[in-house]
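> My structure is below; once you've seen it, I'll send some questions.
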Amino acid sequence: MKKLAIFGSGTGSNAENICRYFSNSNCVKIAFICTNNKDAFIVSRAKKLEIPIVYTTKNSLNNFTKLRKKLNDYGVDYIILAGFLLKLPVKMVNSYPQKIINLHPSLLPKYGGRGMYGANVHHAVIKNKETESGITIHFVNELYDEGRVIFQKKLVVSVNETVKSLEKKIRLLELEYFPKIIEKILLR
Ligand code: GRF
């Protein structure tokens, strides 16, 4: 049995989707959902799904003592970042080599790095008149959005695309592919 911890700071639609995807699995279990934002909708989702919630802060994350203990206590094998906005400390990344997986709403290396999250990404894509965008699933290293790419899926950006319409198209790709790619990595 592989155990996952999902980290998120926002609405948690991907977190919920992953939890539902593995809810009847004999091979994968969600140990807990970790957030740095106690007001985020991801908290309500975790409660509804009856998944334990672990709260962290920027300081506590950087210190990594309490969180390391939680991860060990729950026997977490893989960490999934689904809209987690804090940068992970190097000691955490080094403790889970090739075991931390992030989802990014663009075709990295384009539109990655500090400040490139959520609608900011889609704004930039449209402003630069890109003809395609997509999603990237990658391993996390100590640099923002620069770990080894596991999977990408492209989509066409239409001439009259808006931030909202692009966001919607990207979201559909994320919901379709993220759990499947996680499963593939976990069970390889
Ligand atoms: C997703 O678009 C993901 O690509 C990015 O953050 C967003 C999280 O959305 N890393 P949600 O919290 O899963 O709704």
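The values are calculated or read from the model by the stated rules, or taken from the named source; none is laboratory data. Note that the structure is a prediction, hence the values are computed from the model and not measured. Neighbour counts are summed over all protein chains in view; Cβ atoms, including those assigned to glycine, are modelled from backbone coordinates with ideal geometry. Ligands, DNA and RNA are stripped out before the accessible areas are found, and what is left, the full protein with its side chains, is counted by its heavy atoms. Shrake-Rupley method; radii C 1.70, N 1.55, O 1.52, S 1.80 Å.
> Of the residues 146, 174, 142, which is outside any strand (DSSP E or B), charged (D, E, K, R) and at pLDDT 95 or above?
The conditions single out 174.
> Can you pull out every residue in segment 69-91 that is within 16 Å of the ligand (Cβ to nearest atom), over 16 Å from residue 146 (Cα atoms) and open to solvent by 50 Å² or more (accessible area, probe 1.4 Å)?
Matches in segment 69-91: none.
> Here is a follow-up. Limited to segment 1-24, what total is found for residues that are without any contact (Cβ under 8 Å) to a residue 60 or more places away in the chain and in contact with a Lys or Arg (Cβ under 9 Å, 6 or more places away or on another chain)?
Within segment 1-24, residues that are without any contact (Cβ under 8 Å) to a residue 60 or more places away in the chain and in contact with a Lys or Arg (Cβ under 9 Å, 6 or more places away or on another chain) number 3.
> Can I ask one more? In segment 57-68, which residues are open to solvent by less than 80 Å² (accessible area, probe 1.4 Å) and in a helix (DSSP H, G or I)?
60, 61, 62, 67
> Here's another thing I want to ask about it. Has segment 22-41 got at least one residue that is buried (at least 20 other Cβ atoms within 10 Å of the Cβ) and part of a loop (DSSP other than H, G, I, E, B)?
no
> Separate question: Restrict the check to segment 104-114 and report whether at least one residue is within 13 Å of the ligand (Cβ to nearest atom), under 19 Å from residue 17 (Cα atoms) and outside any loop (DSSP other than H, G, I, E, B).
Yes: segment 104-114 contains one or more residues that are within 13 Å of the ligand (Cβ to nearest atom), under 19 Å from residue 17 (Cα atoms) and outside any loop (DSSP other than H, G, I, E, B).
> With 103, 175, 166, 187 as the choices, which residue is open to solvent by 40 Å² or more (accessible area, probe 1.4 Å) and touching a helix residue (DSSP H, G or I) at 6+ places or on another chain (Cβ under 7 Å)?
Residue meeting the stated conditions: 175.
> Of the residues 102, 120, which single one is under 25 Å from residue 5 (Cα atoms) and of a type in the set (S, T, N, Q)?
Residue meeting the stated conditions: 102.
> Something else about it: Take segment 1-16 and flag every residue that is open to solvent by 40 Å² or more (accessible area, probe 1.4 Å) and outside any strand (DSSP E or B).
To start, the set of residues in segment 1-16 that are open to solvent by 40 Å² or more (accessible area, probe 1.4 Å) comprises 1-3, 11.
Passing the criteria: 1, 11.
> What are the residue pairs meeting all of these: first residue in segment 164-175, first residue touching a residue at least 12 places away in the same chain (Cβ under 8 Å), second residue away from the ligand (no atom under 11 Å from the Cβ), Cβ atoms under 6 Å, and 6 or more apart or on different chains?
So the pair list comes out as 169/155; 173/153.
> Another one. From the set of residues in segment 135-162 that are surrounded by 17 or more Cβ atoms within 10 Å (Cβ to Cβ) and closer than 19 Å to residue 120 by Cβ, which is nearest to the ligand (Cβ to nearest atom)?
Out of the qualifying residues, it is 135.
> Pairs only if they're at least six apart or on different chains, beta carbon under 6 angstrom, first in segment 81-92 and part of a loop (DSSP other than H, G, I, E, B), second open to solvent by less than 40 Å² (accessible area, probe 1.4 Å) and of a type in the set (Phe, Trp, Tyr); list them, first residue then second.
So the pair list comes out as 84/7; 89/64.
> Applying the selection to segment 117-132, what residues are open to solvent by less than 10 Å² (accessible area, probe 1.4 Å) and in contact with a Pro (Cβ under 8 Å, 6 or more places away or on another chain)?
121, 122
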